[in-house]
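Working notes for the structure below.
The values are calculated or read from the model by the stated rules, or taken from the named source; none is laboratory data. What you see is a predicted model, and the numbers here were worked out from it, not measured in a lab. In this analysis, Cβ positions are derived from the backbone assuming ideal geometry, glycine residues included, and neighbour counts consider all displayed protein chains.
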Amino acid sequence: MTLTVYGASLSPFVRKVCIALTEKQVPYEQIQIDPAKLPENFHELSPFGRIPALKDGDNVLADSAVILSYLERKYPTHPLSYEDPYLQAKVQWFEKFADYELAPNTTFGVFRNRVLMKMMRKECDDAFVEKCLQVKLPPLLDYLEESIQDNEFIVGDRFTVADIAIASQFVNYSYGDERIDSGRWPKAAAYVERLHGRPSIAPMITRETTFIDKVLHR
């Protein structure tokens, strides 16, 4: 039975789940859900109305981190974490770093104001965007630069949920016409560029960019 992912493609949290399923080569169907206009029965899938939600047969889950943890155990082929307890914990740490530290700035700061507000024909909060870019993000990028060093991946020697979470946030950042400054953060910039070029991610970026350009007439 094919899994069903519920949520908007431009959500970095929905994208996390779709990337993971693609990497694991697990077939899935995606049903677009506008978080501002939830279907009446959506709370049966996600009690607090958040996206993404996942339906796998009779199993229903919400929250991207919970869903990815479930997928890792239910579909262990093409692993996206580690058996080693410390490495597994580091993967969880960097997933939280992306979801709780990067997201408020890359997605809810830059992307929300420069893309979503335009789609809704509302004003961009330029002051808030500037605070994200100049005050909030630089220390996070410093940490990412220090953490990645010359490694291909953020944890260990394989592509993991941690890389997915980080990559997905910077996809939204790029939709807001921002890139990591390669002069100031060369390792972080190269790392994110590598991730965005992966076969599981690049086609999503192409589709989503086409959609955004069409809606915003860019």
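Could you tell me which residue of the stretch 1-37 is farthest from V91 (Cα to Cα), considering only residues that are aromatic (F, W, Y) and touching a residue at least 40 places away in the same chain (Cβ under 8 Å)? Full working, then the answer.
As a first pass, look at the stretch 1-37 and keep what is aromatic (F, W, Y): 6, 13, 28.
Adding the requirement that they be touching a residue at least 40 places away in the same chain (Cβ under 8 Å) leaves 6, 13.
Working: Y6: 24, F13: 16 Å.
Only one residue fits best here, namely Y6.
Say we look at the stretch 76-112 and pick out the residues that are under 17 Å from the mean Cα position of the chain (by Cα) and of a type in the set (S, T, N, Q); which of these is surrounded by the fewest Cβ atoms within 10 Å (Cβ to Cβ)?
Pass one, the stretch 76-112, residues under 17 Å from the mean Cα position of the chain (by Cα): 80-81, 91-112.
Right, trim to of a type in the set (S, T, N, Q) and you get 81, 92, 105-107.
Numbers: S81: 23, Q92: 19, N105: 22, T106: 29, T107: 27.
Once the filter is applied, the top-ranked residue is Q92.
Restricting to the stretch 117-130, and then to whatever is without any contact (Cβ under 8 Å) to a residue 12 or more places away in the chain and part of a helix (DSSP H, G or I), can you tell me which residue is surrounded by the most Cβ atoms within 10 Å (Cβ to Cβ)? Break it down into steps so the answer makes sense when it comes.
Step one: list which residues in the stretch 117-130 are without any contact (Cβ under 8 Å) to a residue 12 or more places away in the chain, which gives 117, 120-124, 127, 130.
Restricting the remaining residues to those that are part of a helix (DSSP H, G or I) gives 117, 127, 130.
On the way: M117: 15, A127: 9, E130: 12.
Restricting to residues being without any contact (Cβ under 8 Å) to a residue 12 or more places away in the chain and part of a helix (DSSP H, G or I), the top hit is M117.
Identify, please: which residue in the stretch 153-168 is part of a helix (DSSP H, G or I) and out of contact with any Asp or Glu (no Cβ under 8 Å at 6 or more places or on another chain) and is, among those, surrounded by the most Cβ atoms within 10 Å (Cβ to Cβ)? It would help to see each step written out before you state the result.
Restricting attention to the stretch 153-168, the residues satisfying the condition of being part of a helix (DSSP H, G or I) are 161-168.
Right, trim to out of contact with any Asp or Glu (no Cβ under 8 Å at 6 or more places or on another chain) and you get 163, 166-168.
On the way: D163: 28, I166: 28, A167: 27, S168: 30.
By that ranking, first place goes to S168.
Quick one: would you say A127 is outside the structural domain of C18 (by TED's automatic domain parsing), closer than 21 Å to S64 by Cβ and of a type in the set (G, A, S)?
no
At positive phi and more than 19 Å from the chain's Cα centre (by Cα) - does that describe any residue in the stretch 154-170? Steps first, please.
Our first condition is that a residue be at positive phi; within the stretch 154-170, this holds for 156.
Filter once more, so that each one left must be more than 19 Å from the chain's Cα centre (by Cα): 156.
Yes, the stretch 154-170 contains at least one residue that is at positive phi and more than 19 Å from the chain's Cα centre (by Cα).
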